[in-house]
Amino acid sequence: MKLYYADILPQSRYNHKKVHLILPFQQLLFNTFLIRTALMTIRNLNIEVELIHVNFSRGENKNEEFLKLNPAGQVPVLVEDDGFILTESRAIIAYLVASRDENSSLYPLNDPIKRALIDERLHFDATTVFHSHVQILHPMIANSDPKIPEEKKKILRNVLSVLNGFLDNKNWFTGESPTIADFSILSNLIVILCAGIRIESYKNLSVWFSRCKGLTGFEENYKGGRMVMELLKKKNLPPISL
C-alpha cells in the first residue's frame, strides 16, 4: 500500500499487510492533520506502508501521473497493491480498518450504532472542528496579524465546549475504547494546542488529551502538529489566547 505524504513526518515502514499512501511534500499547513490521521490509523493497525513524497511547490500534484490517481490534485491518496485507489482521509481510515480487521473496535462493522456514532463525530470534526481553528489561523498567519475578531474566538470556544460535552461520562469520543474518530479529532486538537490555546478549563477534553498520549502514533502525530507553533514563532506571532 502507498501513501503520498508531506515532510512533516519521518519516513517510516510498518510491519504488516503492505499498503501505499500518498501525501504531500509541502501541503497547505492546515491540511496536514489529514496526513497525520491516516498515518496514526496505519500505525494502530500495524500496516506496512510505503510513503511517497509529493512536492506541491514543484507542481508534482498537478502532473499527469498524479492526476490519474486523484484528478483533484489533492492528498492523501491511498493506492493498494491491487491498484485500488482511494482519496479523502476519513474515507481512507474507515476503509483501512474495514479491509484489515472487520472486528476492530476502531470502526466495528458488526455494530451499526457504534459505527454511526463514529461517523457522526468524524463529520463534526470535518465540518466544524477544522473550520473553527482555520478561520483564525489562516488569516493570522497569511497576514502576519495577531488580531483575532472576538466572534471567531467565540466560535472556537463553543466548539471546544461541544467536544468537552461529547466526553461526558466517556473515556473516548464514542465510548470506552478509542476509535478512528478519536484519531481524527486528536489531529485537529493538536493544531489548536500548538497554536497556544489552553484547554485546562475543558476538563473532559483535557483528560482525554492526556489519555491520547498513550496511543500508538501519538508522538508522531504531535511532532507533525508542532509546525504550527514553529510557523507562529517564525512570523513573530504570539500564541493564541481565547
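Here, each number is a calculation from the coordinates, and none is a lab measurement. Note that this is a predicted model, so its numbers are computed, not measured. Here Cβ is always computed from backbone atoms with ideal geometry, including for glycine, and neighbour counts include all displayed protein chains.
With n ≥ 4 as the cut-off for DSSP H runs, can you work out [θ] at 222 nm for the chain, using -39500 (n - 2.57) per run divided by the number of residues, rounded to the nearest 500?
On the way: 9 runs with 117 residues, N = 242.
Helices in the chain give a 222 nm mean residue ellipticity of -15500 deg cm²/dmol.
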### Summary
The set of residues whose placed amide H lies less than 5 Å from the amide H of W172, leaving out same-chain residues fewer than 5 positions away, is S177
### Query
Highest GNM mean-square fluctuation, the chain, Cα pairs closer than 10 Å: which of Y222, Y95, Y107?
Y95
#### Entry: Antiparallel DSSP beta bridges within the chain, as percent of all bridges there, nearest 5
55 percent
### Query
In nanometres, what is the gap between the two model label sites at T216 and R198, each 7 Å from Cα along Cα-to-Cβ?
3.6 nm
### Query
If each of N143 and D168 carries a label point 7 Å out from its Cα toward its Cβ, how far apart are those two points in nm?
3.7 nm
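Please compute the length gained on full extension between E102 and S177, using 0.36 nm multiplied by the number of residues separating them and subtracting their Cα-Cα distance. Intermediate results must be reported in sequence, preceding the final value.
Values: separation 75, 0.36 × 75 = 27.00 nm, distance 1.58 nm.
Difference between extended and current length: 25.4 nm.
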### Query
Counting only the backbone N, which residues of segment 173-208 are under 13 Å from the spot 7 Å out from the Cα of R226 toward its beta-carbon?
194
